[in-house]
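Asks: Here's a structure for you.
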């Protein structure tokens, strides 16, 4: 099945109003490649409104969402607030949330369901630690994580994507060999088809973990890699646009 590539940037806890020029530069490049690749930027919550206003029509997203519609949740942000700010998608289940905020699969699933109910698109993250891979449990751990984190309903090939991010590769410069990426993405594809039927064949599988211009083309050539979730290299147009161009090619 042919799936249009998606390249999403995750700015994490980086970016102020001084960096909105980078958003504009990335959006302009994405428009030039319109029809060839989908591009999105998940910026800090403080920038969502200004970024969305500054680049109308370009997909600006959030990095997290609360599972409740509203309530006594100090410091959290619900779907209605993200829509109001101009977000069109959100990341859920990133390893940094699972680790530092102790989010388990049940919590991640609830967040994904809340986002989908509201009309936000979702990028669901899964991945294994270095110790789990060294123990030969990478496939077992990551497919189990996906099964337990999948929304119970509402996920389609249009509004839902899965990002495989080996935890040990995030920000380290380490990247699994292409065989390992292919093996993991094949296992994730089988898990999606098992859970979602034909719809699972269309859900895009993104790779994340030290993706940069120098290795993007090789990664995008791997079977069942339908794009990337990019961290540090998405902070500037100079670093991110070549990755987008590699996906378009």
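Asks: Residue 174 passes all but one of (1) surrounded by 23 or more Cβ atoms within 10 Å (Cβ to Cβ); (2) touching a helix residue (DSSP H, G or I) at 6+ places or on another chain (Cβ under 7 Å); (3) closer than 20 Å to residue 219 by Cβ; which number fails?
Replies: (1)
Asks: Does residue 103 satisfy being within 23 Å of residue 68 (Cβ to Cβ) and assigned to a loop (DSSP other than H, G, I, E, B)? I'd like the intermediate steps shown before the answer.
Replies: On the way: within 23 Å of residue 68 (Cβ to Cβ): yes; assigned to a loop (DSSP other than H, G, I, E, B): yes.
In short, yes.
Asks: Across segment 77-104, what is the total count of residues that are closer than 15 Å to residue 231 by Cα and without any contact (Cβ under 8 Å) to a residue 24 or more places away in the chain?
Replies: 0
Asks: Going by the conditions given, is residue 156 touching a helix residue (DSSP H, G or I) at 6+ places or on another chain (Cβ under 7 Å), assigned to a loop (DSSP other than H, G, I, E, B), at negative phi and at pLDDT 95 or above?
Replies: Numbers: touching a helix residue (DSSP H, G or I) at 6+ places or on another chain (Cβ under 7 Å): yes; assigned to a loop (DSSP other than H, G, I, E, B): yes; at negative phi: yes; at pLDDT 95 or above: yes.
Answer is yes for this residue.
Let's see how each residue does on (1) assigned to a helix (DSSP H, G or I); (2) within 19 Å of the chain's Cα centre (by Cα):
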residue: 2; (1), (2): no, no
residue: 14; (1), (2): no, yes
residue: 25; (1), (2): yes, no
residue: 52; (1), (2): yes, yes
residue: 56; (1), (2): no, no
residue: 61; (1), (2): no, yes
residue: 70; (1), (2): no, no
residue: 91; (1), (2): no, yes
residue: 99; (1), (2): yes, yes
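Asks: Something else: Does segment 233-243 contain any residue that is in contact with a helix residue (DSSP H, G or I) (Cβ under 9 Å, 6 or more places away or on another chain), at pLDDT 95 or above and not in a helix (DSSP H, G or I)?
Replies: Step one: of segment 233-243, the residues in contact with a helix residue (DSSP H, G or I) (Cβ under 9 Å, 6 or more places away or on another chain) are 233-243.
Those still in the list that are at pLDDT 95 or above too: 233-243.
Remaining after also requiring not in a helix (DSSP H, G or I): 235-236.
Taking every residue of segment 233-243 in turn, at least one turns out to be in contact with a helix residue (DSSP H, G or I) (Cβ under 9 Å, 6 or more places away or on another chain), at pLDDT 95 or above and not in a helix (DSSP H, G or I).
Asks: Of the residues 201, 228, 182, which is in contact (Cβ under 8 Å) with a residue 40 or more places away in the chain, part of a strand (DSSP E or B), over 16 Å from residue 149 (Cβ atoms) and within 19 Å of the chain's Cα centre (by Cα)?
Replies: Details: 201 fails: part of a strand (DSSP E or B); 182 fails: part of a strand (DSSP E or B).
From the options 201, 228, 182, the qualifying one is 228.
Asks: Select from segment 110-153 the residues that are part of a loop (DSSP other than H, G, I, E, B), within 28 Å of residue 176 (Cα to Cα) and touching a residue at least 12 places away in the same chain (Cβ under 8 Å) and list them in ascending order. So that I can check it myself, show each step before the final result.
Replies: Narrowing segment 110-153 to residues part of a loop (DSSP other than H, G, I, E, B): 119-120, 127-129, 135-137, 150-153.
Next, from what is left, pick out any that are within 28 Å of residue 176 (Cα to Cα): 127-129, 135-137, 150-151.
127, 128, 129, 150, 151 - these are the residues of segment 110-153 that are part of a loop (DSSP other than H, G, I, E, B), within 28 Å of residue 176 (Cα to Cα) and touching a residue at least 12 places away in the same chain (Cβ under 8 Å).
Asks: How many residues, within segment 99-143, are within 22 Å of residue 48 (Cβ to Cβ) and in contact with a strand residue (DSSP E or B) (Cβ under 8 Å, 6 or more places away or on another chain)?
Replies: Qualifying residue count, segment 99-143: 11.
Asks: Which members of segment 65-82 meet the condition of being crowded, with 21+ Cβ neighbours inside 10 Å and either closer than 20 Å to residue 248 by Cβ or in contact with a helix residue (DSSP H, G or I) (Cβ under 6 Å, 6 or more places away or on another chain) (or both)?
Replies: Initially, segment 65-82 is screened for residues crowded, with 21+ Cβ neighbours inside 10 Å, giving 65, 79, 82.
Within segment 65-82, 65, 79 meet the criteria.
Asks: Determine the pairs where a residue that is without any contact (Cβ under 8 Å) to a residue 40 or more places away in the chain, located within segment 186-197, has a partner that is part of a helix (DSSP H, G or I) and buried (at least 18 other Cβ atoms within 10 Å of the Cβ) with Cβ atoms under 7 Å apart, the partner being 6 or more residues away or on another chain.
Replies: Listed by first residue and then by second, the contacts come to 193/200.
Asks: So, one more: Of everything in segment 1-55, what is surrounded by fewer than 22 Cβ atoms within 10 Å (Cβ to Cβ), touching a helix residue (DSSP H, G or I) at 6+ places or on another chain (Cβ under 6 Å) and within 21 Å of residue 202 (Cα to Cα)? Give them in sequence order.
Replies: Within segment 1-55, 1, 5, 36, 37 qualify.
The values are calculated or read from the model by the stated rules, or taken from the named source; none is laboratory data. Values in this document were obtained by computation on a predicted structure and should not be read as measured data. So basically every Cβ, Gly included, is an ideal-geometry build from the backbone, and we count neighbours across all protein chains shown.
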